[in-house]
Amino acid sequence: MTFFLETLWTGTLLIALVLILRALLGTRIPAWLRYSLWLLPMLRLCFPVSLQHAMHLMPQSNLSMMELPKISAAPAAAQPLLTNITTGQVVTTSNPDLIQRAASIDWQPILLAIWLIGMAAVILWCILVNRRFAGTLGQEFYAESPCGLPAYVADGLKSPCLYFRRGKAGIYIPREIAGDPVRLRHVFAHEEAHYRHYDHIWSIIRVILLAIYWFHPLVWLAYTLLCQDMELACDEAVIRRLDRGGRVDYSQALLVCSVSQKSRMTYPLAFG
């Protein structure tokens, strides 16, 4: 539990750092760099290990970021309850105070059960929304993209996307776009950028982290902003390879393919 809390604390600090950098730097840094910044909190949250042991050879200061939660600790009356939650040490007392009585309950199994239920709920949500999305996609083969990915036409699709169905990647395009070679070329370029960036792999890691840290509001905010930065990084990668006229066409294609916020639904394993 101690390692998990330490990971949660340092992960929170890294998310806050990325949020501050995004707010301060904005579009003054390239989109690929904003996207890459999220690797810092992602990697930290992936490894719930203590940094104290890894840093034992480094000079120690009197004020450590790892000690901040202890410095700003709750009042002394709440210390037994905090010790109970973090270490599992039950404190028996005859004190009628509510906090002292709560410290006599073993909270770790209760918190573990709540955490597992929440994690299962997020995983179930991801499965259901992706199954619902997969049900709207057709398997009408249209063509092969320049990088070799199969492209399919889907009648109920509002915007093109790259999607893994039954373990195989494919580009799905609305039928009205299939007849427009200019827009289709830009769609292929965008979705292939997702594929080259291994976004299909990073998305699985993001969903797993979202399920593990479902109780943390900053993780949900980071997930939302990371998805936005991912799309912008793909747009930037495509635009870098286009001339001025191609950039104008690509911008028009983005406007045509965009969907309103009211009609947009989140599908954790689809990119478009």
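The values are calculated or read from the model by the stated rules, or taken from the named source; none is laboratory data. Bear in mind that the values here come from a model prediction, so they are computed numbers and not experimental data. No Cβ is skipped: glycine too gets one built from the backbone with ideal geometry, and neighbour counts run over all protein chains shown. Only protein heavy atoms, including side chains, enter the accessible area calculation; ligands, DNA and RNA are left aside. Shrake-Rupley method; radii C 1.70, N 1.55, O 1.52, S 1.80 Å.
Assorted remarks:
- Region 220-272 - residue that is charged (D, E, K, R) and under 16 Å from the mean Cα position of the chain (by Cα) and, of those, modelled with the lowest pLDDT: 231
- Region 148-178 - residue that is at pLDDT 80 or above and open to solvent by 60 Å² or more (accessible area, probe 1.4 Å) and, of those, nearest to residue 136 (Cα to Cα): 155
- Scanning region 198-215 for residues that are within 12 Å of the chain's Cα centre (by Cα) and not in a helix (DSSP H, G or I) yields 213, 214.
- Condition met for residue 26 (open to solvent by less than 70 Å² (accessible area, probe 1.4 Å) and free of Cβ contacts under 8 Å to residues at least 24 places away in the same chain): yes
- In region 179-197, the qualifying residues are those that are surrounded by fewer than 20 Cβ atoms within 10 Å (Cβ to Cβ) and assigned to a helix (DSSP H, G or I), and the one that is modelled with the lowest pLDDT is 182.
- Strands (runs of 3 or more DSSP E) within region 109-175 that include 3 or more residues under 21 Å from residue 198 (Cβ atoms) and touching a residue at least 12 places away in the same chain (Cβ under 8 Å): 161-165, 168-174
- Matching residues, region 190-224, being within 13 Å of residue 11 (Cα to Cα) and acidic (Asp, Glu): none
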